[in-house]
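Have a look at the structure below, then the notes.
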Amino acid sequence: MSIRKSLFIVLSMVICLGALPAAAQDDQVNMTMWVRSIPFQTQALVDQWNASNDSQIELTIIPSGEFVTKMGAAIAAGEPPDIASIDLIYTPAFAAAGQLVDITEWVRQLPYADDLTPAHMELGMYEGRNYAVPTGVDGSFIVYNIDLFEQAGLDPDNPPSTWDEMLEAMRAIDALGDDIYGYWFSMACAGCNAFTFLPFIWASDGDVLSDDYSEATITTDPIVGEALAFYNTIWEEALVPEGASIDNGSNFVSAFTGGNIGMAGMGNFAIPLFTNDHPDLNFGVFHIPGKEGGAASFGGGDVIAIASGSAHVEEAWRFIEWTMSDEAQIEIYAANGQIPVRLALEDNKYFEGDERQRTAASALRVGHTPYTTVYNDLFNDPNGPWLEMLQIAILDGDIEGALELGQERFTQIMEG
């Protein structure tokens with residue numbers, strides 16, 4: 001059963017069950033928190049909170065693939081976690097189903113409300129109300145091998161800022177040897193290519209969805225076809241290894257660590273991994289460029305919310321607000337290489353002198369995330385329209401056919 005079908009089955013159960021009475025509070029508030037199995041320093045946050053507060057939080061890590069179904073089922077059964085760290089792409093569906101507490105009035109009182117990462121704030125809203133705020137945030141960018149840039153006669157201090165400049169750099173690096181390639185993508189991974197390919201479209205002022213996210217614009221926005229043609233050129237000129245065409249994401253990060261890949265789409269999660277586990281890897285990062293310039297990033301990661309039915313709403317908000325404080329954002333997030341959720345805090349003592357971290361953090365200033373209650377069916381499903389469209393256009397070279405198929409299947413899913 002698909003995540004979407006499971007989610008809406010449990011939502012129907014919630015409607016049938018109706019509102020359940022809140023449990024009486026104990027003298028000491030004991031709360032529960034669920035997080036998917038990408039914890040984003042959540043354990044460190046909870047440990048610090050528990051060490052300095054009378055209220056206590058019990059953290060449960062849920063496998064990412066099971067989180068949506070288990071969360072919905074728990075709320076339907078009247079046994080929700082008080083606090084949930086949710087993959088932001090699923091937040092609109094939870095909010096639309098009435099499964100999250102409206103926190104608008106609290107959010108409006110935050111002195112830094114306008115400084116929170118914009119993509120996450122947008123996904124945390126429904127019908128003009130706030131239901132979630134950013135917690136473990138990430139953004140996409142291009143990582144590049146400085147040594148290969150230098151060997152190819154490229155200036156590593158001035159990385160590409162347009163599609164043509166990227167192609168020129170890929171070709172120069174590819175010319176270094178048979179086992180060296182200019183680029184990497186995991187073309188059998190739907191989510192990977194939403195994270196790293198969509199920003200090429202956004203940075204060029206294009207999109208696959210309309211401004212109000214109500215309809216697909218795949219065949220009406222010319223930038224979509226041009227971006228597919230850009231990637232098709234990379235494939236046709238063999239600027240990526242042949243094995244990239246069947247990679248399902250298992251080498252999404254590790255391919256770059258071999259030292260023979262010039263550039264690859266990546267996220268902030270890779271920076272501490274490369275730095276700690278591959279200290280000899282000399283790399284830099286730059287924003288994903290548009291066709292003629294500009295920049296964009298996919299706003300990924302999690303938002304944090306209070307589940308409907310929680311008996312400790314006010315105390316749960318007190319914890320959530322603390323997670324956005326200077327103390328938590330700098331001494332727990334930034335200190336461990338995590339991007340702060342407040343844009344102004346990208347300038348902090350832990351990122352000083354590391355332009356890679358600063359660039360990764362600033363990418364979220366131009367972050368976007370598709371807002372839809374059927375994100376999984378559109379973009380994440382390995383049998384869905386997004387991946388099929390990309391493979392037909394990029395690997396087969398049938399760009400017009402891919403655009404028509406994408407438009408048709410996106411429309412069917414969105415209207416259905």
For this session: Can you confirm whether region 345-352 contains a residue that is at pLDDT 95 or above and over 29 Å from Asp155 (Cα atoms)?
Result: yes
Problem set entry | Residue, farthest from Asp147 (Cα to Cα), within region 278-323, restricted to residues that are out of contact with any strand residue (DSSP E or B) (no Cβ under 6 Å at 6 or more places or on another chain) and of a type in the set (Asp, Glu) | Glu314
Exercise. If you take the residues in region 120-134 that are surrounded by 24 or more Cβ atoms within 10 Å (Cβ to Cβ) and among the aliphatic types (A, V, I, L, M), which one is nearest to Ala361 (Cα to Cα)?
Worked result: Val133
Problem set entry | Among residues of region 245-277, those that are over 17 Å from the mean Cα position of the chain (by Cα) and within 15 Å of Met170 (Cα to Cα), counted | 6
For this session: Kindly list the number of the only condition in (1) in contact (Cβ under 8 Å) with a residue 60 or more places away in the chain; (2) assigned to a helix (DSSP H, G or I); (3) touching a strand residue (DSSP E or B) at 6+ places or on another chain (Cβ under 8 Å) that fails for Met121.
Result: (1)
For this session: Confirm whether Ser64 is free of Cβ contacts under 8 Å to residues at least 24 places away in the same chain, of a type in the set (S, T, N, Q) and under 28 Å from Glu346 (Cβ atoms).
Result: no
For this session: Give region 199-237 a look and list any residue that's in contact with a Pro (Cβ under 8 Å, 6 or more places away or on another chain), farther than 26 Å from Phe274 by Cβ, crowded, with 19+ Cβ neighbours inside 10 Å and not aliphatic (A, V, I, L, M), or say none.
Result: Gly206
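Residue-wise test of (1) small (Gly, Ala, Ser); (2) farther than 19 Å from Phe141 by Cα; (3) crowded, with 17+ Cβ neighbours inside 10 Å.
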{"residue": "Ile339", "(1), (2), (3)": "no, no, yes"}
{"residue": "Arg342", "(1), (2), (3)": "no, no, yes"}
{"residue": "Glu346", "(1), (2), (3)": "no, no, yes"}
{"residue": "Thr359", "(1), (2), (3)": "no, no, yes"}
{"residue": "His368", "(1), (2), (3)": "no, no, yes"}
{"residue": "Asn383", "(1), (2), (3)": "no, yes, no"}
{"residue": "Trp386", "(1), (2), (3)": "no, yes, yes"}
Exercise. Just checking, how many residues over region 238-296 are surrounded by fewer than 18 Cβ atoms within 10 Å (Cβ to Cβ) and of a type in the set (A, V, I, L, M, F, W, C)?
Worked result: 4
For this session: Note down all Cβ pairs under 8 Å where the first residue falls in region 277-306 and is at positive phi, the second is in a strand (DSSP E or B) and surrounded by fewer than 24 Cβ atoms within 10 Å (Cβ to Cβ), and they're at least six residues apart or on different chains.
Result: Gly301/Asp87
Seminar exercise, completed: If we ask which residues in region 142-191 are surrounded by 19 or more Cβ atoms within 10 Å (Cβ to Cβ), assigned to a loop (DSSP other than H, G, I, E, B) and of a type in the set (Ser, Thr, Tyr), their number turns out to be 1
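Going through Ala360, Ala393, Ala335 one at a time, which residue ends up being assigned by TED's automatic domain parsing to the domain that holds Glu237 and either small (Gly, Ala, Ser) or without any contact (Cβ under 8 Å) to a residue 24 or more places away in the chain (or both)?
Working: Ala360 fails: assigned by TED's automatic domain parsing to the domain that holds Glu237; Ala335 fails: assigned by TED's automatic domain parsing to the domain that holds Glu237.
Of Ala360, Ala393, Ala335, the one residue that is assigned by TED's automatic domain parsing to the domain that holds Glu237 and either small (Gly, Ala, Ser) or without any contact (Cβ under 8 Å) to a residue 24 or more places away in the chain (or both) is Ala393.
The values are calculated or read from the model by the stated rules, or taken from the named source; none is laboratory data. Given the structure is predicted, the values throughout are model-derived calculations rather than measurements. Heads up, the Cβs are rebuilt from the backbone with ideal geometry, glycines too, and the neighbour counts pull from every protein chain shown.
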